[in-house]
Amino acid sequence: MTAADARCILARANTPESVRRLAVLDAPDLVATAQEIAPAVAAWCDDAGAAAQLPTALRRDGLDGLTTALHGADTTWCDLPRSLGALDELAGLIARHADSEARLVVLARHADLTRSMNEVLARHFADVRGSLGVGKHRALLADGPLRSASPDPWPKMRHLDDLDLDVWAHGATFAGTRCDPGTRLLVDHLDDVPRGDVLDFGCGSGILATLLARRTGQDPARVLALDVLATSVDATRRTAAGLALQTLWADGTATLAPDSLDAIVTNPPFHAGVAKDSSATLALFADAARVLRPGGELWAVYNSHLPWKARLSALVGPTRLVAQTPRYTLVAATRR
């Protein structure tokens, strides 16, 4: 979306003179426009890379920072969240913490909008409708927050009997409270992953990190769980409650020291919302040889049609097939 398109849509969605406090969520490109029309602006991003683009004075971090950004806001702008669960959680937080007459404006491409999104917003707002479009984009408008007396349903928890694990997830957490098939393939082989300083890259709900920290002979404090989403880091902390593993909210591994890890495990992200995006995974593969110690191993599970085994062999070192199903492949690459 161009800045001009965004301005046009937002002009139709708001009466600038009436905006007193504006919260901008997951949309760093809209902050400058927000500052032009509102005397008070606060900004928050779930994604660490997007958060880094925010002006320091306006930036609020973490889930506490989200509620702080929303407090008293009479208008909230956000880009369309990556899932219905994320939209539901965000809309509920806005309805509870923003001004009692707050308006929510969700910017999106026409192609990404569904009737289900209106239905989700209607759980939290009395009036939901679409704006006029501009180019390929338009907005969903929600007014009249419904301040429900029922408890916040997010984050959610499910006990997985076979793993004896309480799994927590926020609305944006990959696979929610389930153990998806790719993660399951890795779970079945975790005992073969080297012990020591181990990173779970893209930790999501924290299933892999928690099981790694539980292993016999593994010091939980030497397990690091990293995710680009603040909500996923929070979910991992909840799933790993009682264990001394470390968590890190970061966009990639650039802040990790060279030769600092004995192993990396990952069920890596191949999407950003609904769009295919392998950039974070390829960046991990490219940096793995730097952060792994000589002889350290990168364990990755991915869709079987992807050519990542050859990529890992070139970037990290000799890569062996560990296990394979019709849909998923698990490999281990050893740093030269």
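The values are calculated or read from the model by the stated rules, or taken from the named source; none is laboratory data. All of these numbers come straight from a predicted model, not from anything done at the bench. Methodologically, a virtual Cβ is constructed for each residue, glycine included, from the backbone with ideal geometry; neighbour enumeration extends over all protein chains shown.
Computed quantities for the displayed model
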read-out: Output for segment 235-257, where each listed residue is surrounded by 22 or more Cβ atoms within 10 Å (Cβ to Cβ) and outside any loop (DSSP other than H, G, I, E, B); value: A235, T236, T239
read-out: Residue ranges of strands (runs of 3 or more DSSP E) in segment 27-127 with at least 2 members closer than 19 Å to L140 by Cα; value: 75-79, 103-109
read-out: Failed item, numbered, when G202 is tested on (1) closer than 22 Å to N303 by Cβ; (2) of a type outside the set (F, W, Y); (3) free of Cβ contacts under 8 Å to residues at least 40 places away in the same chain; value: (3)
read-out: Any pair with Cβ under 7 angstrom, 6 or more apart, that starts in segment 61-79 at a residue that is charged (D, E, K, R) and ends at one that is surrounded by fewer than 20 Cβ atoms within 10 Å (Cβ to Cβ) and assigned to a loop (DSSP other than H, G, I, E, B); value: D74/V19; D74/R20; D74/D99; D74/E101
read-out: Unmet criterion (only one of (1) closer than 30 Å to T183 by Cβ; (2) of a type in the set (D, E, K, R); (3) at pLDDT 95 or above) for D112; value: (3)
read-out: Subset tally (residues that are under 21 Å from L30 (Cβ atoms) and either in a strand (DSSP E or B) or of a type in the set (V, I, T) (or both)) for segment 128-144; value: 11
read-out: Selection status of L163, surrounded by fewer than 16 Cβ atoms within 10 Å (Cβ to Cβ) and in the same structural domain as L261 (by TED's automatic domain parsing); value: yes
read-out: Subset of segment 157-190 that is within 17 Å of the chain's Cα centre (by Cα) and small (G, A, S) - its residue that is nearest to S304 (Cα to Cα); value: A175
read-out: Test: residue in segment 228-244 that is touching a Pro at 6+ places or on another chain (Cβ under 7 Å) and farther than 30 Å from V120 by Cβ; value: yes
read-out: Test set (1) buried (at least 19 other Cβ atoms within 10 Å of the Cβ); (2) in the same structural domain as G72 (by TED's automatic domain parsing); (3) among the β-branched types (V, I, T) - T114 fails condition number; value: (1)
read-out: Residue identified as in a helix (DSSP H, G or I), surrounded by 15 or more Cβ atoms within 10 Å (Cβ to Cβ) and hydroxyl-bearing (S, T, Y) among T183, T177; value: T183
read-out: Sole residue being surrounded by fewer than 23 Cβ atoms within 10 Å (Cβ to Cβ) and in contact (Cβ under 8 Å) with a residue 40 or more places away in the chain, chosen from S232, S260; value: S260
read-out: Residue in segment 211-222 that is surrounded by 15 or more Cβ atoms within 10 Å (Cβ to Cβ), in the same structural domain as P307 (by TED's automatic domain parsing), assigned to a loop (DSSP other than H, G, I, E, B) and free of Cβ contacts under 8 Å to residues at least 40 places away in the same chain present; value: yes
read-out: Hits in segment 83-104 - residues which are more than 19 Å from S148 (Cα to Cα) and surrounded by 21 or more Cβ atoms within 10 Å (Cβ to Cβ); value: none
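Per-residue answers, yes or no, for (1) crowded, with 18+ Cβ neighbours inside 10 Å; (2) assigned to a helix (DSSP H, G or I); (3) assigned by TED's automatic domain parsing to the domain that holds V187:
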site: T281; (1), (2), (3): yes, yes, yes
site: A288; (1), (2), (3): yes, yes, yes
site: E297; (1), (2), (3): yes, no, yes
site: K309; (1), (2), (3): no, yes, yes
site: L312; (1), (2), (3): yes, yes, yes
site: V322; (1), (2), (3): yes, no, yes
